[in-house]
Amino acid sequence: MSVLRGKKILLGISGGIAAYKTATLVRLFIKAGAHVQVVMTPASKDFITPLTLSTLSKNPVHSSFYNDEDENAVWNNHVELGLWADLFVIAPATANTMSKMVTGNSDNLLIATYLSAKCPVYVAPAMDLDMYRHPSTQDSFAKLEAFGNVIIPAESGELASGLYGEGRMAEPEHIVAFLEKDIEGKLPLRGKKILVTAGPTYEPIDPVRFIGNHSSGKMGYDIAVAAANQGADVVLVSGPTHLTINHTNVKLVRVTSSSEMYTACHDYFDGVDVAIAAAAVADYRPKHVADQKIKKNDSNLVLELEKTTDILASMGEKKNGQFLIGFALETENEIEHAKAKIRKKNLDLIVLNSLNDAGAGFGHDTNKVTFINSRFEEEPLALKPKEEVAKDIINKIKEHYNV
Ligand code: CTP
């Protein structure tokens with residue numbers, strides 16, 4: 001999944017021959033799952049039509065402050081457009097546009113929007129090699145970078161003039177790859193390793209039967225995705241669920257029983273920065289697992305159960321700097337019980353679900369939780385989708401690392 005998925009990209013096009021390549025660029029942004037709007041300088045319309053770009057971006061193209069052929073025209077709000085964007089990509093950026101960006105000469109909508117934008121701005125220059133090398137252009141690069149813009153380096157090759165050298169706009173595929181790499185490199189949890197447990201465990205009775213529970217695994221999977229989206233390397237140890245996960249930063253380790261989950265967690269625990277136990281691990285398992293299917297007879301069947309190892313508590317015991325987060329599902333004296341678990345399992349944070357809250361816990365897409373930290377400070381949250389609860393949990397990790 002591309003890091004551009006769901007991002008609002010504003011593409012600014014200025015008047016260079018490389019503008020013809022922006023049709024492909026818009027296609028690639030859309031394919032990556034981004035929302036795209038286009039703002040063009042008047043000169044760029046000589047190289048590619050607004051109709052092409054509005055069709056591909058599925059949005060009207062902006063190119064002037066107002067439509068002077070329409071007497072009911074409204075003023076195009078460059079401030080709104082600038083604030084809409086999560087990232088602003090100016091490609092191609094001509095020498096002229098870059099010098100206007102440097103001086104703040106906002107005589108067209110693209111520059112006015114640039115001056116209003118609060119998001120990261122990427123600039124993909126395109127020009128002839130002598131223009132590219134000229135000290136004034138090099139000065140523009142230095143100033144644009146000093147303003148915090150990111151330059152996507154031009155490439156070498158045959159230029160529209162017939163000359164050969166540096167100045168070609170980076171190929172659309174390279175622009176997308178550059179953006180992905182740059183954004184991923186700046187994600188707040190980049191370099192952090194996070195272990196997440198999810199789903200139920202199945203404890204075997206005989207070769208065909210088990211003791212299980214109704215956990216869907218959704219909460220743990222949502223946490224894994226939220227952490228990975230912030231740049232963390234995630235190991236997701238999952239009991240049996242119907243869920244799948246497809247994220248380059250998530251390694252999925254499937255297990256069935258609590259003892260398999262225990263082994264998998266301890267395979268990774270020493271090497272992680274954070275561990276989050278969202279699995280509904282069975283507390284008891286059959287003491288003897290029958291080799292053959294148990295046949296029914298006329299009397300009752302009594303299964304002797306033994307306690308499973310508490311995986312979370314075992315990580316708490318072994319903890320060596322890891323930030324450890326557990327869950328608690330309670331039906332009475334919730335806060336008191338959750339606080340006791342923080343102490344007993346040596347946790348840094350507990351996420352308390354109360355079954356007394358409608359829409360919380362098993363079988364719902366929503367959850368209502370209270371965070372309690374190791375200083376026993378309580379933070380009750382509103383009922384919200386599990387994806388949002390997952391993001392709140394990840395925000396706690398970011399707070400911990402001050403990122
Ligand atoms: N947990 C675990 N291994 C177990 C049991 C629980 O890792 N064998 C973890 C769960 O993933 C959860 C937390 O412990 O993060 C709390 O589990 P919960 O069942 O609410 O509490 P218990 O400690 O099992 O206590 P009780 O059942 O008495 O409430």
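Points worth noting:
- Rounded to whole numbers, the Karplus 3J(HN,Hα) couplings from phi for the stretch 135-147 are x, 5, 5, 4, 5, 4, 4, 4, 5, 4, 5, 5, 6 Hz, using 6.51 cos²θ - 1.76 cosθ + 1.60 with θ = phi - 60°, and x at Gly and Pro.
- Counting only DSSP beta bridges with both residues in the stretch 8-185, the antiparallel share comes to about 20 percent.
- Each peptide in 45-52, 192-199 receives the mean, over its residues, of other Cβ atoms within 10 Å, and ordering these scores from highest gives 192-199, 45-52.
- Span from the the stretch 8-33 Cα centroid across to the the stretch 268-342 one, whole angstrom: 52 Å
- Among 329-340, 291-302, the peptide with the highest mean count of other Cβ atoms within 10 Å heads the list, and the full ranking is 329-340, 291-302.
- Beta bridges assigned by DSSP with both partners in the chain are antiparallel in approximately 30 percent of cases.
- Burial order of peptide ranges 217-227, 107-117 (average beta-carbon count within 10 Å, highest first): 217-227, 107-117
- Three-way shape label, the stretch 356-403, alpha-carbon gyration tensor, a/c 1.5: oblate
- Using θ = phi - 60° and Karplus 6.51 cos²θ - 1.76 cosθ + 1.60, couplings along the stretch 274-283 (whole Hz; Gly, Pro as x): 9, 10, 10, 9, 9, 6, 9, 6, 4, 7
- What the phi angles of the stretch 160-171 give under the Karplus curve with 6.51, -1.76 and 1.60, with θ = phi - 60°, is a coupling list of 4, 6, x, 6, 10, x, 7, x, 5, 4, 3, 4 Hz, glycine and proline written as x.
- For L159, the shell of other residues with beta-carbons less than 13 Å away shows a net charge of -3, using +1 for Lys and Arg and -1 for Asp and Glu.
- Distance cut-off 29 Å, percentage of C-alpha pairs in the chain lying past it: 56 percent
- Kirkwood hydrodynamic radius of the stretch 193-400, from inverse mean 1/r over distinct Cα pairs, in Å: 17.6 Å
- Translational diffusion coefficient of the stretch 8-185 (Stokes-Einstein, Kirkwood radius from Cα pairs, 25 °C, 0.890 mPa s): 152 µm²/s.
- Normalised contact order of the stretch 193-400, rounded percent, pairs of Cα under 8 Å and 6 or more residues apart: 20 percent
- 26 Å Cα-Cα threshold exceeded, pairs from K193/K318; K186/K318; K31/K384; K193/K396: K186/K318; K31/K384
- Between the amide H of F323 and those of V274, A275, distances stay under 5 Å, these residues lying 5 or more places away or on another chain, with hydrogens modeled in the peptide plane.
- A straight chain from N300 to K318 at 0.36 nm per residue would run longer than the Cα-Cα distance by 2.3 nm.
- Ellipticity estimate at 222 nm from DSSP helix runs (n ≥ 4, -39,500 (n - 2.57)) divided over the chain, nearest 500: -9500 deg cm²/dmol
Values in this text are rule-based calculations from the coordinates and carry no lab data. Worth saying up front: this structure is predicted, and the values here are computed from it rather than measured. Here the Cβ is made from the backbone with ideal geometry for all residues, glycine too, and neighbour counts use every protein chain on show.
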